[in-house]
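Visitor: Structure below; questions to follow.
Read-outs: derived from the displayed coordinates by stated rules, not from any lab. This one's a predicted model, so the numbers in the text were calculated from it and none came from an experiment. Cβ atoms come from the backbone with ideal geometry, glycine included; neighbour counts cover every protein chain shown.
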Amino acid sequence: MLRVYLMPLQVTAQNQRGPAYIKWRFNPGGIDCQWELSDYGAQAVCLVVADLDQAQHEALVANLDVLAVPENLDANVSSLAVPIIQSAFEALNIPGDWVNTTQTYRQIVKMCNAVFAIARQVLALGFEPIFQGRTLSTRINQLPVALRNGLVQACQDLGADTTSIVGSTTLRQALNIVGQQVANLPANIGSIVL
């Protein structure tokens, strides 16, 4: 069964990156399956789409730092799941305050993937990680000028309008504003279309 998971990202000393608990070059003892991932830039977390049987799924979700998305991505988020998702996101510097029962799991995965894309693009442009010594409450005007400009450029490179992001905007608000725009574009994790 093809499922989506939020899980830790394993990073080697040589900056090789892969999902924790799943088999890849630097984790030969992990669960052996087909997978694709979307990482959160320099943050040690990723979204993984994996093709697992039921036993493999159960083994993976037995890890307390793995959050499984229901198989039906088009189902609305339940009221019981909202605080779980929000708490998991916030602990990982992913804005979670926007998650509610009017959204589907697909919308949440696309938004999370969009936020991850912003962080990856900042790094791809050669800027320092967004959350290096910062939190979601950090204001844009508290960022070093180079990073501030890099964040704007990264967001614009992804097709987002950044005109509503001003100095007093927090990283939480900026990622929400831009993430919502990017999440509305066609998206995929590896070869898997969301």
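Visitor: In degrees from 0 to 90, rounded to the nearest 10, what is the angle of the helix 81-91 Cα long axis to the longest principal axis of the chain?
Guide: So the helix axis and the longest Cα principal axis differ by about 60 degrees.
Visitor: Here's something else I'd like to know. Springs between alpha-carbon atoms under 10 Å, Gaussian network over the chain: tell me which of Gln181, Gln14, Gln43 tops the mean-square fluctuations.
Guide: Among Gln181, Gln14, Gln43, the largest mean-square fluctuation in the Gaussian network model of the chain belongs to Gln14.
Visitor: If each residue's Cβ is checked for other Cβ atoms within 10 Å, how do Trp35, Trp98 rank with the fewest at the top?
Guide: Trp98, Trp35
Visitor: Could I ask something else about it? Using DSSP to define loop residues, name the trypsin sites (Lys or Arg not before Pro) in the range 1-78 whose beta-carbon has at most 13 other beta-carbon atoms within 10 Å.
Guide: Here the sparse-neighbourhood loop sites are Arg25.
Visitor: If amide hydrogens are placed 1.01 Å from N in the peptide plane, which non-local residues have theirs closer than 5 Å to the one on Trp24?
Guide: Residues meeting the amide H criterion: Gly30.
Visitor: Hey, fewest Cβ within 10 Å first, where do Ser38, Ser87, Ser79 land in order?
Guide: Ser79, Ser87, Ser38
Visitor: Just how far, in whole angstrom, is the range 78-120 from the range 159-194 if you go by their alpha carbon centroids?
Guide: One Cα centre to the other: 13 Å.
Visitor: Name the long-range amide H neighbours of Val45: under 5 Å, sequence gap of 5 or more, or other chain; modelled H, no Pro or chain starts.
Guide: Long-range HN contacts for Val45: Leu9, Tyr40.
Visitor: Order these by the 10 Å Cβ neighbour count, fewest first: Cys46, Cys155, Cys112.
Guide: Ascending Cβ contact count within 10 Å gives the list Cys46, Cys155, Cys112.
Visitor: Scan the range 4-106 for GluC sites (Glu not before Pro) in coil per DSSP, keeping those whose Cβ has at most 13 other Cβ atoms within 10 Å, and list them by number.
Guide: When the GluC sites (Glu not before Pro) of the range 4-106 are filtered for loop state and at most 13 Cβ neighbours within 10 Å, Glu71 remain.
Visitor: Follow-up question, since we're still on this one. Which of these values of mean projected area of the Cα convex hull in nm² was calculated from the structure shown: [x] 10.9; [y] 14.1; [z] 10.2?
Guide: [x]
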